[in-house]
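*Asks:* My structure is below; once you've seen it, I'll send some questions.
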Amino acid sequence: MTSSNCRFLLKNGLIPNLAENPSVTTLLEAHQGAYTTTRTHSDGSLLLFWERHMSRLSNSLRILLNSNPELLFNSEACRVPFFFVSTKPTMWDSLVQSLVDDSMRKALPLVLDKRRSGEELAITCLVSGNVDSLEELEEKFSTAFDVYVHVGSYVPPLFGIHQNGARLAVVGRGRRVANAKYSDWVRQRKQLEKLRPPYVNELLLSNNGDQILEGCLTNLFVVCHKDVNGDYHKSSQRDNESTVSIELQTAPIRDGVLPGVVRQVILDICSRNKIPVREIAPSWSEREMWSEAFITSSLRLLQHVEVIQAPSSWESLDTQTWTDVTWEEKQFENAPGRITAFIQKEVMEMASMEGYPVSLFDDR
């Protein structure tokens with residue numbers, strides 16, 4: 001869970017003149033742009049998968065410039081200079097990293113001094129296009145974009161505790177430009193809130209009511225029982241038979257899901273440990289074959305799922321509120337399961353191995 005006791009915002013390396021620092025949601029709703037969110041680990045000493053996040057931020061920026069600049073510049077009429085579109089990926093990575101690092105060196109020491117024991121830091125980096133300077137600019141990258149770094153305190157939930165499990169509901173269609181992480185999605189997803197049933201803490205997306213793509217804030221994985229002969233019928237009742245195996249399922253990027261940082265970490269873990277993975281959207285019609293499920297994000301890392309709800313009729317989501325929808329449920333007993341627990345342990349080990357020392361941003 002997040003905490004508002006410790007919150008700082010820097011814009012282009014400077015503290016803006018604001019009455020109070022906004023929440024992350026307020027910041028993202030106010031500015032178009034590409035962003036990424038991560039947090040610290042190990043009592044505030046390491047940044048989680050920092051280099052992966054900087055690469056994802058750079059990729060998102062390039063994608064928006066090339067395909068949807070209106071999601072970056074607050075203007076559908078903006079023209080993107082050829083210089084920006086044609087810049088090599090390695091140059092992008094270097095430019096984005098240098099701009100973010102400048103603000104990080106100034107922000108982190110301020111927040112670390114106020115961090116309480118047991119708290120981690122949630123860090124959001126937003127790169128927003130500056131339309132006024134874009135029209136005049138030819139080659140100077142740093143004046144074409146405003147770089148915001150928002151840092152706040154965060155208390156990670158303990159893994160494996162029943163009350164910390166996720167309760168999910170399928171409520172809406174997939175996002176556009178899903179391969180980039182952009183702030184306008186924060187505004188777009190607000191319309192789904194009217195369909196959130198009580199106690200549900202994440203909303204899932206599907207384009208047809210059967211194939212589940214991802215969550216609004218997370219990627220979804222399910223452990224599915226399958227018959228090696230290709231027959232799924234009643235395979236969940238034959239767990240001890242040699243013909244039954246399991247596979248981990250998650251929707252592929254090509255279906256229109258965000259290439260989450262932790263999603264890729266888990267695919268790497270499964271490859272290394274020979275855990276069968278199929279990149280296919282989990283099918284609600286085959287939910288009886290699911291034995292485990294979990295969601296991933298850079299703040300939660302991995303959270304086991306207790307229950308998933310979906311509408312009995314996909315068309316009923318056109319109604320006004322969740323009370324007008326008849327829901328079906330899939331419950332996961334004895335969660336988290338064996339596969340989920342093993343992957344969570346591996347994720348934590350990788351978080352430490354790939355941790356970026358926060359001390360490198362502290363020039364004191």
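*Asks:* Mind counting the residues in region 291-337 that are crowded, with 22+ Cβ neighbours inside 10 Å, assigned to a strand (DSSP E or B) and among the hydroxyl-bearing types (S, T, Y)?
*Replies:* Summing the residues that are crowded, with 22+ Cβ neighbours inside 10 Å, assigned to a strand (DSSP E or B) and among the hydroxyl-bearing types (S, T, Y) in region 291-337 gives 1.
*Asks:* Within region 59-88, how many residues turn out to be in a helix (DSSP H, G or I), farther than 15 Å from A144 by Cα and modelled with pLDDT of 70 or more?
*Replies:* 5
*Asks:* Please enumerate the residues belonging to region 265-290 that are in a helix (DSSP H, G or I) and β-branched (V, I, T).
*Replies:* Those that are in a helix (DSSP H, G or I) and β-branched (V, I, T): V265, I266, I269.
*Asks:* Within the set of pairs 6+ apart or on separate chains, which have a first residue in region 124-148 that is in a loop (DSSP other than H, G, I, E, B) and at pLDDT below 65, a second that is open to solvent by 20 Å² or more (accessible area, probe 1.4 Å) and of a type in the set (F, W, Y), and C-beta atoms under 7 Å apart?
*Replies:* E138/F83; E139/F83
*Asks:* I'm checking my understanding of the structure. Among residues of region 141-178 that are out of contact with any Ser or Thr (no Cβ under 8 Å at 6 or more places or on another chain) and of a type in the set (S, T, N, Q), which one is surrounded by the most Cβ atoms within 10 Å (Cβ to Cβ)?
*Replies:* Looking at residues that are out of contact with any Ser or Thr (no Cβ under 8 Å at 6 or more places or on another chain) and of a type in the set (S, T, N, Q), I get N164.
*Asks:* Answer yes if at least one residue in region 23-44 is under 20 Å from the mean Cα position of the chain (by Cα), without any contact (Cβ under 8 Å) to a residue 12 or more places away in the chain and over 23 Å from F361 (Cβ atoms), and no otherwise.
*Replies:* Taking region 23-44 as the starting set, the residues that turn out to be under 20 Å from the mean Cα position of the chain (by Cα) are 23-41.
If we keep only those that are without any contact (Cβ under 8 Å) to a residue 12 or more places away in the chain too, we end up with 26, 30.
Okay, now just the ones that are also over 23 Å from F361 (Cβ atoms), so 26, 30.
So far as region 23-44 goes, yes, one or more of its residues are under 20 Å from the mean Cα position of the chain (by Cα), without any contact (Cβ under 8 Å) to a residue 12 or more places away in the chain and over 23 Å from F361 (Cβ atoms).
*Asks:* Filter region 6-37 down to the residues that are in a loop (DSSP other than H, G, I, E, B) and either at pLDDT 95 or above or open to solvent by less than 60 Å² (accessible area, probe 1.4 Å) (or both) and list them by number. Give the derivation first.
*Replies:* Step one: of region 6-37, the residues in a loop (DSSP other than H, G, I, E, B) are 12-13, 15-23, 31-33.
Result: G13, P16, N21, P22, S23, H31, Q32, G33.
*Asks:* Among the residues of region 38-56 satisfying the criterion of being among the polar types (S, T, N, Q) and under 26 Å from C216 (Cα atoms), which is surrounded by the fewest Cβ atoms within 10 Å (Cβ to Cβ)?
*Replies:* Ranking the qualifying residues of region 38-56, first place goes to S55.
*Asks:* Residues in region 352-364: is at least one under 18 Å from L204 (Cβ atoms) and either under 24 Å from the mean Cα position of the chain (by Cα) or open to solvent by less than 20 Å² (accessible area, probe 1.4 Å) (or both)?
*Replies:* no
*Asks:* Right, next: For residues that are without any contact (Cβ under 8 Å) to a residue 40 or more places away in the chain and part of a strand (DSSP E or B), tally how many sit in region 338-364.
*Replies:* 0
The values are calculated or read from the model by the stated rules, or taken from the named source; none is laboratory data. Small disclaimer: the values here were computed from a predicted structure and weren't measured. For neighbour counting, all protein chains shown are included, and Cβ atoms are generated from backbone atoms with ideal geometry for every residue, glycine included. We work out accessible area using only protein heavy atoms, side chains counted, and drop any ligands, DNA or RNA first. Shrake-Rupley method; radii C 1.70, N 1.55, O 1.52, S 1.80 Å.
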